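Report on the following structure.
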Amino acid sequence: MAETKTDSAKSSPPESQPRGGDIDASVIPDNPLSDFMADTNPVPWHKKKKKNALLEFISSCDQPKEQSKFKRRICIDLEMRQYNKNNFSESSFCSSFDDNNGSNISPTKTLSADRRYNKRQRKFNCDICFCGKRNSTSTGATPLEKNEENSIGFEMQEEGTDEGILRPGMVLLKHHLTHHEQVEIVKKCRDLGLGPGGFYQPGYADGAKLRLMMMCLGMDWDPQTRKYGYKRAIDGSKPPSIPHYFSKLVTRAIQEAHQLYNREWRKNYVEDILPSMTPDICIVNFYSTSGRLGLHQDRDEREESLQKGLPVVSFSIGDSAEFLYGDLRDVEKAENVLLESGDVLIFGGDSRHVYHGVSSIISNSAPEELVQDTGLCPGRLNLTFRQY
């Protein structure tokens, strides 16, 4: 949901993952070219000559520090060679966060052989998926632990997270998105997120970082100025367009919400309660399992759009989130609801300016089939659509 505009916060990297660019010296072989030399592909004579020269340089070097630097460079080159060999252009590590030092926070570097970005664009992007399939060991939990944590989530749902009208203008559609639709959304977001204008970690002028990764579609939203534009301030890139497939899902969700009002409130005309809209903006957030978002309002769209109460439509995919909402910016007085993978939340009309936020992400609560089919990293993918 409009889960982009928030209080500044910082995030911490998973201990099991190195930050982008970090190389573990313990795994560097004695001969950093040994794997490269063992390649069965024929090597041109001029490349052999270069490799022999490099090996002579390493053996003759008496300074361990310089030798370590050289090994680091070779290891990075070999890693890129391996990715090219497997037809991958992106790093297999998920996005990382640093809670202790905001200046050190950087998304995982994307290793790309084709150098897709120009000098004004960032040469790194954030990958929301593992390369290949993710299994239970990747999430740090056994299948039994995953089931136990999932049962907690379902108990919360039974306590009151049912599909229906939460308040005038605010509707929750439980499991509205099918498994196939969620897989397509993840794949498309990943493709867009690794290209120009893709995922990055937004922050403020004072250096504070948000506890999420963000990508804007249609128009860019700048957290520092709280304004929309057609170029991203950090690198001048143009936001990707909203896929037509996404827009069709938004229209279907609004229609389903109208039918719900017809059934429960016996209203034949519901546009005054929950107006229709055609999205031209989508803010895509990816929360790590430690991500959160403070209570805030979505009020940076055009005045005409806000006065009409044109709704915000939010898709939730991946791990479940504890969502807060209320008329005041007060956590103690806010209502809460559990948003699970496939849920769609819509708020417009009288609820267009409702305060809302995310208090926590429930680890290992994503559907196992979704994780297997997409390799989605631990965390929650959230798409919020609105009309400027």
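Eigen-decomposition of the gyration tensor built on the alpha-carbon atoms of the stretch 265-388 gives equivalent ellipsoid semi-axes of 26, 17, 14 angstrom, largest listed first. Inter-part distance, the stretch 173-225 to the stretch 334-355, computed on C-alpha centroids, equals 18 Å.
Along the Cα-to-Cβ line of E335, 7 Å from the Cα, sits a label point; which residues in the stretch 159-203 have backbone N less than 19 Å from it? Once the point is set 7 Å along Cα→Cβ of E335, 159-176 turn out to lie under 19 Å by backbone N, inside the stretch 159-203. Share of pairwise Cα-Cα distances greater than 26 Å in the stretch 164-320 is 33 percent (whole percent).
Computed with the Debye formula from one identical point scatterer per Cα of the stretch 286-339, without solvent, the log10 of I(q)/I(0) at q = 0.12, 0.30 Å⁻¹ comes to -0.37, -1.22. A Förster radius of 22 Å, combined with the Cβ-Cβ distance separating K187 from Q255, puts the computed FRET efficiency at roughly 0.30.
Rule-based calculations on the coordinates, nothing more; no lab input. Everything numeric in this text was worked out from a predicted model, so none of it was measured. FYI the Cβ positions are ideal-geometry reconstructions off the backbone, even for glycines, and counts take in every protein chain you see.
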